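The values are calculated or read from the model by the stated rules, or taken from the named source; none is laboratory data. Remember, predicted model here, so these are calculated numbers, not experimental data. Cβ placement follows ideal geometry from the backbone for every residue including glycine, while neighbour counts extend to all protein chains displayed. Please note that ligands, DNA and RNA were not included when accessible areas were found on the heavy atoms of the full protein model with its side chains. Shrake-Rupley method; radii C 1.70, N 1.55, O 1.52, S 1.80 Å.
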Amino acid sequence: MNASPEQSPPAVSVIMPVLNEERHLRNSVRHILEQEYAGELEVVIALGPSSDRTDEIAAELVAEDPRVHTVPNPTGRTPAALNAAIRASRHPVVVRVDGHGMLSPNYIATAVRLLEETGAQNVGGIMHAEGENDWERAVAAAMTSRIGVGNAAFHTGGEAAPADTVYLGVFRREVLEQQGGYNEEFIRAQDWELNFRIREAGGLIWFSPELRVSYRPRPSVRTLARQYKEYGRWRHVVARYHRGSINPRYLAPPTALLAIAAGLVVGATLTPWAFVVPAGYLAGIVAGSLAAGRGLPVGARLRIPVALATMHMSWGWGFLTSPRALARKVSASRRPAVVQPG
């Protein structure tokens, strides 16, 4: 991957798992193709069975630019899409981008430089949530606040440093081949799981605030709740599968959910003093919303407590109800599918 000043930068493959992304796909690919990067670039889109115009838009993108290619992903599952795209790609640096992610103009150039400077196997930066209406702006504020996501640097920012995991990721291809790619049993949390394996093998995961990807939040309470329930569910699977991968930040939502439920039950049956627990939680998220919503329209500020409660309670519920059978299923297939170079 090394390049002298006289040589071109290493060639880069951008891989995209895509399902029902008609709203953002074209803009996301445009942000890739317009990167300020002197090296060769290709984009491989892994197409799941979308029910909207995603496939049609992808075909238009292929016809418009020879750097864009597609591969099928019949399962529609993200890790299978990522592995299919990796197999179809051919360059020594692999950049993951989702169909609703928008790269900053120098994202790839900066990531390649950081790989070289740090010796890391994977580098990533800030998941910069941006909304297009009041609800999405509220979710974006919640997702970038400490009261929403704790001390996760890729949400809230911070100093460049080694990290447990990063958003999306820019990888050296050899580490993906060594690790066998993504574990396809992990329908969610595949990034956490892969980065844990890389670190266990002695590799470095590096976070840098120089890297920034704009992210479009889920458009409704229902879809946000489903997203965070799955996050919690699969984060518990990772914790069972890889002992030592848990930390207090992941335990906060299920603890809050249990405390609120206990407060409501005890308050209704034994003593009204127990209502202080859910009331305290409500007061906390309202107070946190005031700081998180600075500069936003009134409509967005009023929706932030709803977004925070949806994220916390859905994550907590997913974590607590994550079935052990799912973890055993993953453990029975510990070795991911081997990824061969394209």
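For the stretch 205-274, the C-alpha radius of gyration sits at 1.57 times the compact-globule guess of 2.2 N^0.38 Å, with N the residue count.
Here the Kirkwood formula, the inverse mean of 1/r across different C-alpha pairs, assigns the stretch 55-204 a hydrodynamic radius of 16.9 Å.
Under a 10 Å cutoff between Cα atoms, tell me which one of Val213, Val166, Val68 has the largest fluctuation in the Gaussian network model of the chain. Looking only at Val213, Val166, Val68, the largest GNM fluctuation is found for Val68. Normalised by the number of residues in the chain, the average gap of Cα pairs under 8 Å and 6 or more apart makes the relative contact order 20 percent. Label separation (Glu132 vs Leu282): 3.4 nm, computed from points 7 Å beyond Cα along the C-beta direction. Most mobile of Asn83, Asn183, Asn247 per a Gaussian network model of the chain (Cα springs, under 10 Å)? Comparing Asn83, Asn183, Asn247 in a Gaussian network model of the chain, the most mobile one is Asn247. Placing unit charges on the Cβ atoms of the charged side chains and taking the dipole of the stretch 165-302 about its Cα centre, the candidate lying farthest along the positive direction among Val276, Leu251, Gly299 is Gly299.
Heavy-atom accessible surface of Trp192, to the nearest 10 Å², is about 50 Å², with a 1.4 Å probe and all protein chains retained. Overall, the anisotropy analysis places the stretch 76-130 in the oblate class: the square-rooted eigenvalues a ≥ b ≥ c of its C-alpha gyration tensor yield a/c not less than 1.5, with a/b not exceeding b/c.
For the chain, the alpha-carbon radius of gyration amounts to 1.02 times the rule-of-thumb value 2.2 N^0.38 Å expected for a compact globular protein. Between Val298 and Ala161, residue separation times 0.36 nm minus the direct Cα-Cα distance comes to 45.7 nm.
When the charge dipole of the stretch 33-88 is built from unit charges on Cβ atoms (+1 for Lys and Arg, -1 for Asp and Glu) and taken about the Cα centre, the candidate among Ile86, Ala38, Thr70 whose Cα reaches farthest toward its positive end is Ile86.
Rounded to the nearest 0.05, the FRET efficiency derived from the C-beta distance between Ala11 and Ala252 at R0 = 45 Å is 0.60.
Rounded if a/c is under 1.5, else prolate if a/b beats b/c, else oblate: with a ≥ b ≥ c from the C-alpha gyration tensor eigenvalues square-rooted, which is the stretch 174-238? It is oblate, given that a/c is not under 1.5 and a/b is not larger than b/c. Given their separation in residues at 0.36 nm each and the Cα-Cα distance between them, Arg324 and Ala262 gain 19.9 nm when the chain is fully extended. Rounded to the nearest 0.05, the FRET efficiency derived from the C-beta distance between Asn106 and Glu64 at R0 = 22 Å is 0.40. Computed about its Cα centre, the charge dipole of the stretch 161-316 is approximately 500 debye, with only Lys, Arg, Asp and Glu carrying charge at their Cβ. Projection of the Cα convex hull of the stretch 8-74, averaged over all directions and equal to a quarter of that hull's surface, yields 4.3 nm².
Residue-normalised convex hull volume from the C-alpha trace of the stretch 258-320: 80 Å³ per residue.
When only the Cβ of Lys, Arg, Asp and Glu is charged (+1, +1, -1, -1), the dipole of the chain relative to its Cα centre reaches about 1540 debye. What the Cβ-Cβ distance of Asp52 and Arg146 gives, at R0 = 35 Å and to the nearest 0.05, is a FRET efficiency of 0.50.
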